[in-house]
Amino acid sequence: MLGHYFSQHGFDIRLEWGLAAAQHLAQNADCVIVVDVMSFSTCVSVANDNGALIAPWPWKDASAQAYAAEMGAQAASIDRRFSAETFTLSPASLLNIPAGTKLVLPSPNGSTIAFKAREHGGAVYSAGLRNRQATAAACGHFQRILVIPCGERWPDGSLRPAIEDYVAAGGIIQALGTRLRSPEAEMAVAAFQAAQQQNFAVLKECASATELRGRGFATDVELCLQVDVSANACQLTGKFFVPGVNDNSKP
């Protein structure tokens, strides 16, 4: 009964954080939008824009290779590093991914949450800042929409809310237009509008961006913070996120 209070069931557009949202709220949504700006959702968008297909996988270990082999795909490296020959969770590594490539992309946040949300049978999308308008256009016909800012993990595995995911989630919700939004969703829109007024400069100094730059991935920060540069929504169709899906029939 306690979970009923947190379901946001009286609203069309709902927002809740992390894996728990997929576990407890996705079953009552027609559409789930997974928002992991730095970097899973940006990786999916960059790859889909090139015509590549991305399969989410929760575990960053040898199981990704086995899963990829089952589907005739390749597995991204679990180590994020510079290499012209290796695809990783770095969006920059996917800028030139060939069309038709099938890639399994392990990630503890976006991939894990998308993988879990799929179990409930509704539509699942991955989105960030770069394809927020395209995602809203593809998802607007759904009645009950759950937007999940993924956040990051502390060393003990607990959720670390990430403001870039919250802001992007608010941007997607804003782009969905006039709908009945939960208070949680409404406040995310306010966060997006505040960041937008600053031309998103605040996100360049957030903890996730600082970490990526410190590890040598400044280019990834720039790619992740591009706004509305992609015309493709990224829908999980079968086991792969595919580009440009906009099915106007209700599930």
Given charges at Cβ of Lys, Arg, Asp, Glu: the range 1-156 dipole, positive-most of Thr42, Cys150, Trp17: Thr42
Probe 1.4 Å, accessible area per residue of the chain, Å²: 42
5 angstrom amide H check on Glu152, placed H, neighbours 5+ away: Arg160, Ala162
Centre separation in Å (Cα based) which lies between the range 44-61 and the range 156-204: 23
Options Gln235, Gln197, Thr210, ranked by Cα towards positive dipole end of the range 189-250, top entry (Cβ charges): Gln235
Residue with peak Gaussian network fluctuation, the chain [Cα springs, cutoff 10 Å], from Gly151, Gly216, Gly51: Gly216
Dipole magnitude of the range 65-196, debye to nearest 20 (Cβ charges: Lys/Arg +1, Asp/Glu -1, about Cα centre): 260
Linear extension gain, Gln143 paired with Ala218, 0.36 nm per residue minus alpha-carbon span: 23.2 nm
Approximate shape of the range 165-251 as ellipsoid semi-axes (Cα gyration tensor, √5λ), whole Å, largest first: 26, 20, 11
For the range 1-137, size of Cβ-based charge dipole, Lys and Arg +1, Asp and Glu -1, in debye: 160
In degrees, nearest ten, helix 183-197 long axis to first principal axis of the chain (Cα): 60
Helix axis angle, 40-49 relative to the chain longest principal axis, alpha carbon, degrees: 70
Dipole-positive endmost among Pro161, Pro106, Leu225 within the chain (Cβ charges, Cα centre): Pro106
Highest-first arrangement of 133-141, 193-201, where packing means the average Cβ count within 10 Å: 133-141, 193-201
Karplus 3J(HN,Hα) series, Hz, for the range 148-156 with 6.51 cos²θ - 1.76 cosθ + 1.60 (x for Gly, Pro): 10, x, 6, x, 10, 10, 6, x, 7
Calculated P(r) tail over 27 Å for the chain, as whole % of Cα pairs: 28
Using a Förster distance of 35 Å, the FRET efficiency for His9-Ser158 (Cβ separation, nearest 0.05): 0.85
Between the range 95-121 and the range 1-31, the alpha-carbon center distance in angstrom: 22
Accessible-area composition of the chain, carbon plus sulfur, in percent [1.4 Å probe]: 53
5 angstrom amide H check on Ser90, placed H, neighbours 5+ away: none
Using alpha-carbon coordinates, inclination of helix 163-175 to the longest axis of the chain, degrees: 60
Hits among aspartates and glutamates - C-alpha to C-alpha of Lys116 under 20 Å, sequence gap 8 or more where chains match: Glu16, Asp30, Asp36, Asp61, Glu70, Glu152, Asp165
With DNA, RNA and ligands ignored, accessible area of Arg118 (1.4 Å probe; Å², nearest 10): 70
Estimated dipole of the range 151-214 in Debye, rounded to 20 [Cβ of Lys and Arg +1, of Asp and Glu -1, Cα centre]: 160
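The values are calculated or read from the model by the stated rules, or taken from the named source; none is laboratory data. All of these numbers come straight from a predicted model, not from anything done at the bench. As a convention, Cβ positions derive from the backbone with ideal geometry for all residues, glycine included, and neighbour counts pool all protein chains shown. Remember, those area values only see protein heavy atoms, side chains included, never the ligands or the DNA or RNA. Shrake-Rupley method; radii C 1.70, N 1.55, O 1.52, S 1.80 Å.
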